[in-house]
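The values are calculated or read from the model by the stated rules, or taken from the named source; none is laboratory data. Here the structure is a predicted model, which is why all the values come from computation and not from measurement. Please note: Cβ atoms are built from the backbone with ideal geometry, for glycine as well, and neighbour counts cover all protein chains shown.
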Amino acid sequence: MARLTRNPRMILSARSLHLFSLRPWLLTTLCLVLAACQPSQDDVNSNEGNTDTFIRGKLNTAPVNIDLYDSDEADEQTFEVQPASNNVQDSDSLEEPSAGEELLADKELSSIKQQPTENTDSLSSDSSVPTDRENLLAGKQTDARFCLSDTATNSANSVLEDCRRISKRLASVSFEACTSANLKAVGCASNDGFPLYVTDFPPLKSRTPHGRILVIGGTHGDELTSVSVVFRWIEKLNEFHSGLFHWRIAPLMNPDGVLPKEATRVNGNGVDLNRNMPSSDWHEKALLYWNEKTNQDPRKYPGASPASEPESQWLLDEINEFRPDAIISVHAPYGIVDFDALQLNTAPKSLGKLRLNMLGTYPGSLGNFAGINRDIPVITLELPHSWVMPSQAESTRIWEDIVSWLKKNIDTRDSASQQN
């Protein structure tokens with residue numbers, strides 16, 4: 001009888017076939033074992049608040065982290081988890097802004113002026129009824145004022161303190177000259193809270209004035225001579241006021257630009273006050289001109305809206321209430337006389353050594369708003385230098401030529417007598 005021998009290859013093959021037949025069972029068992037190693041949801045929840053967490057079934061005592069992976073073969077990536085804030089709100093739970101409020105996306109906006117909610121019950125059925133703001137912009141008679149500030153006081157101590165600051169900043173304005181100017185706070189403060197001041201030289205009771213004249217200095221803060229020259233003219237009026245005109249003088253319209261160590265053309269809010277007046281073309285042209293013609297020069301930014309600045313609002317109030325018959329605005333350093341009015345043939349040919357050179361108007365400028373829109377002649381004096389004062393003789397000559405021009409061209413006595 002032939003002896004049977006075992007062939008190792010046959011035995012291996014047989015075992016392989018046997019194992020192959022058991023593979024489904026082995027795979028099932030392996031899956032159950034691996035599943036048993038994974039933490040249950042209860043295990044995960046029980047570890048909340050602890051620094052221990054499971055990573056792929058392994059207990060890890062490292063700082064809390066999340067294991068992110070795309071497949072079993074991918075390398076492990078861990079990211080530190082920041083504690084959740086109790087203040088976080090779901091986007092669905094955010095409330096819409098209420099009336100007068102807005103969500104600010106631009107961090108550069110430092111503040112917003114909240115508008116009071118309109119009471120629709122008190123509104124007229126005619127929606128075209130102009131608001132107080134619209135009446136003010138249009139120059140119509142109204143009891144409303146743009147600019148009122150609790151910080152602008154008339155106390156003697158406040159005036160003395162502010163005169164010290166002015167005289168310390170401007171060597172050509174002495175403390176005595178400032179205090180003797182009889183400055184009065186107008187109830188309005190600059191963007192940075194400095195009171196705006198005027199001084200009045202009313203007409204003599206015994207005579208009817210030729211007209212009302214408004215004089216403005218320091219519209220642009222880096223034109224320091226425009227402030228000092230106006231203080232010199234105040235000294236002249238203190239000494240020689242004849243009562244021919246009612247003078248109202250604001251020597252420092254832009255204190256936020258003048259008083260800092262580094263003087264700036266713009267006010268404390270970065271706005272060019274001589275581009276912020278509500279001229280009729282402001283909405284159409286002001287920002288367009290700034291973008292296209294000045295290449296967004298920050299020195300000539302007209303503001304976000306017309307008369308957006310407290311200094312501009314004060315000037316608008318002053319024009320509406322004082323109703324000047326002419327405005328003298330002092331600037332530097334072009335060394336010319338500019339003139340804006342509907343009747344250009346009345347322009348002064350020269351004032352002192354300054355010769356007439358009409359530069360035209362700009363959106364939001366005082367000449368555009370008052371001279372063209374309101375028909376109030378505006379003389380803009382451009383002194384030769386921003387930092388170097390003209391001589392006393394030249395300052396006096398300019399002043400005398402201004403008075404001579406006013407006597408010749410501004411005389412409202414006939415219209416005043418007819419109104420009386």
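Within segment 187-222, how many residues turn out to be more than 22 Å from residue 326 (Cα to Cα) and touching a strand residue (DSSP E or B) at 6+ places or on another chain (Cβ under 7 Å)?
If we filter segment 187-222 for residues that are more than 22 Å from residue 326 (Cα to Cα), which is where we start, we get 187-195, 206, 221-222.
Add one more test, that the residue is touching a strand residue (DSSP E or B) at 6+ places or on another chain (Cβ under 7 Å), and what stays is 188-190, 195.
Residues meeting the conditions: 4.
Restricting to segment 186-215, and then to whatever is in a loop (DSSP other than H, G, I, E, B) and crowded, with 18+ Cβ neighbours inside 10 Å, can you tell me which residue is nearest to the chain's Cα centre (by Cα)?
191
Does segment 306-352 hold any residues that are touching a strand residue (DSSP E or B) at 6+ places or on another chain (Cβ under 7 Å) and β-branched (Val, Ile, Thr), and which are they?
Within segment 306-352, 327, 328, 330, 336, 337 qualify.
Any residue in segment 285-305 that is closer than 19 Å to residue 219 by Cα and surrounded by fewer than 19 Cβ atoms within 10 Å (Cβ to Cβ) sitting within a Cβ distance under 8 Å of a residue that is at pLDDT 95 or above and among the aliphatic types (A, V, I, L, M)? List the pairs, counting only those 6 or more apart or interchain.
298/266; 299/266
Keeping to segment 164-185, report how many residues are surrounded by 19 or more Cβ atoms within 10 Å (Cβ to Cβ), assigned to a strand (DSSP E or B) and either charged (D, E, K, R) or in contact with a helix residue (DSSP H, G or I) (Cβ under 6 Å, 6 or more places away or on another chain) (or both). Steps first, answer last, please.
Start the filter on segment 164-185 by keeping residues that are surrounded by 19 or more Cβ atoms within 10 Å (Cβ to Cβ), which leaves 166, 170, 173, 177-178, 181, 183, 185.
From what is left, the residues that are assigned to a strand (DSSP E or B) are 185.
Within this subset, residues satisfying the condition of being either charged (D, E, K, R) or in contact with a helix residue (DSSP H, G or I) (Cβ under 6 Å, 6 or more places away or on another chain) (or both) are none.
Of the residues in segment 164-185, 0 are surrounded by 19 or more Cβ atoms within 10 Å (Cβ to Cβ), assigned to a strand (DSSP E or B) and either charged (D, E, K, R) or in contact with a helix residue (DSSP H, G or I) (Cβ under 6 Å, 6 or more places away or on another chain) (or both).
Can you tell me which residues in segment 349-394 are without any contact (Cβ under 8 Å) to a residue 12 or more places away in the chain and in a helix (DSSP H, G or I)?
If the condition is that a residue be without any contact (Cβ under 8 Å) to a residue 12 or more places away in the chain and in a helix (DSSP H, G or I), then 393 is the only one that fits.
Residue 242 passes all but one of (1) touching a helix residue (DSSP H, G or I) at 6+ places or on another chain (Cβ under 6 Å); (2) surrounded by fewer than 22 Cβ atoms within 10 Å (Cβ to Cβ); (3) of a type in the set (Gly, Ala, Ser); which number fails?
Against the list (1) touching a helix residue (DSSP H, G or I) at 6+ places or on another chain (Cβ under 6 Å); (2) surrounded by fewer than 22 Cβ atoms within 10 Å (Cβ to Cβ); (3) of a type in the set (Gly, Ala, Ser), residue 242 comes up short only on (1).
Can you tell me which residue among 375, 401, 340 is surrounded by 21 or more Cβ atoms within 10 Å (Cβ to Cβ) and not polar (S, T, N, Q)? Walk me through it before giving the result.
Details: 375 fails: surrounded by 21 or more Cβ atoms within 10 Å (Cβ to Cβ); 401 fails: surrounded by 21 or more Cβ atoms within 10 Å (Cβ to Cβ).
From the options 375, 401, 340, the qualifying one is 340.
So if I check each of 308, 329, 280, which one is within 19 Å of the chain's Cα centre (by Cα), of a type in the set (Ser, Thr, Tyr) and at negative phi?
Values: 329 fails: within 19 Å of the chain's Cα centre (by Cα); 280 fails: within 19 Å of the chain's Cα centre (by Cα).
So the residue among 308, 329, 280 that is within 19 Å of the chain's Cα centre (by Cα), of a type in the set (Ser, Thr, Tyr) and at negative phi is 308.
Of the numbered conditions (1) closer than 26 Å to residue 177 by Cα; (2) of a type outside the set (Phe, Trp, Tyr); (3) buried (at least 23 other Cβ atoms within 10 Å of the Cβ), residue 275 satisfies every one except a single condition; which is it?
(1)
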